[in-house]
Each structure stands twice: as structure tokens, then as C-alpha cells.
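Below is one structure, written out as C-alpha cells; the observations come after it.
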Amino acid sequence: MDADEAIQTEGLLLMGGQASRFGSDKMRHEWNGQPLAHAAFYALASVCDFVSVSTGSDMASSVDFPQIETTPWRVLPDEHGDRGPLEGIRSVLSVRQADVLVLAGDLPCVSAASLDVLIRRASASSAIVVLAAGRESGQKQPLCAVWKQAILEPLGQYLEQGARSVMGLIESVEYDVVSIPDDELININRPEDLDLLE
């Protein structure tokens, strides 16, 4: 594939979760003059042709992102709030019927360049999931990853068994890893984590 050839890509921004460790709705916490989740949204929108925003059903009506002419988006409410991010991924894979680049809204530092590397590796790889990992730490981040349609059936079975571990599912299928800078994978769980972004 030519290095400049565009790859059609669907994006999924995950905004679910209770944010209990943060103490308030971290996705709407202001960072750099905008809600925290906007950083991940813009990164996805810059490399994807369409973005789905997965939220809890009670949050769906309050989601507010800018309209981007080149990348339409829509909210996809998660009707099963007890199933965690896997339910959001299952929903969008079912509805959109395409491979999906997944990014959690509390990963505000992931660059468009790194997402593009994930997309291109996934296009060339036979792996069902291609996920990012810290270049120095080796720590895997399954919510910065391309999830292919081939995982939909095992994902559904996994959820029906009551399992919820994201890495537990990934480790049961063929997956590939792309190394990106560790500082792009800073995960905001607590207010003090925001200090790491400075």
C-alpha cells in the first residue's frame, strides 16, 4: 500500500464509565480550555471518516462536540451500563459493520500520527485487534486500538458469559501491538493525573 493512500476508517470514542475515582464527570472537566474528551475526539476525527460516541444512556442527550465538515459523528447510547467498554465496542461493531478505531475519552494525549500508525498496521495485519502499548513501559492500552469485525462473535459470547475484562478478551484472540510514546497513553482516572499532562 502506498504510504499516502487513504484507508477508510470508522472511529469510536468511549465516554462511558462512572468516573468514581475522579469524583465528577471527568469527560467534561476543562483541560486546555475545552472538555477533556474533546482532545480524543479531535484526534479520532482527524484520521477517521466517521466517529461514533459511546455513552451511558443517561448521558446521550448532553454530549456536545463540534461539527466537523469532513468527519460526521453521532451518539450511540450504551443500554447495558454494567458491561463496561466492551458493550460500547460491541454496539458500534454491530451497528456500523466495519472495523473500528477505538479511543477512550480519558486518553487525551494520543496523537493523530500514532492513530494513523495503528490504522495502517491493522490494515496489513491478520490480527483481530491491533492495540497501542507504551514504547518504554510496554504497557498495553486496549482502548487505543483497532478492533476488527472478526471479534464481534467472540466478543458477544464473552459478554454473555458475564466476563468484562478487556485484556482478558484480547488475550483469547490473535492480537498485534504497536509501540507509541508512553506520554501519549496517560490515562486520566483521578484529578491528580491531570498534573501529568503539564
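For the pair Q67 and A150, what calculated FRET efficiency results from E = 1/(1 + (r/R0)^6), where r is the Cβ-Cβ distance and R0 = 35 Å, to the nearest 0.05? Once rounded, the FRET efficiency stands at 0.60. Close amide H partners of L76, meaning residues 5 or more places away or on another chain with modelled amide H under 5 Å apart, are V53, S54, T55. Between segment 37-56 and segment 131-180, the C-alpha centres lie 19 angstrom from each other. At an R0 of 22 angstrom, the distance between the Cβ atoms of S46 and Q97 translates into a FRET efficiency of 0.45.
Each reported figure results from applying straightforward, stated rules to the coordinates on display, with no laboratory input. The structure displayed is predicted, hence computed values, not measured ones. For neighbour counting, all protein chains shown are included, and Cβ atoms are generated from backbone atoms with ideal geometry for every residue, glycine included.
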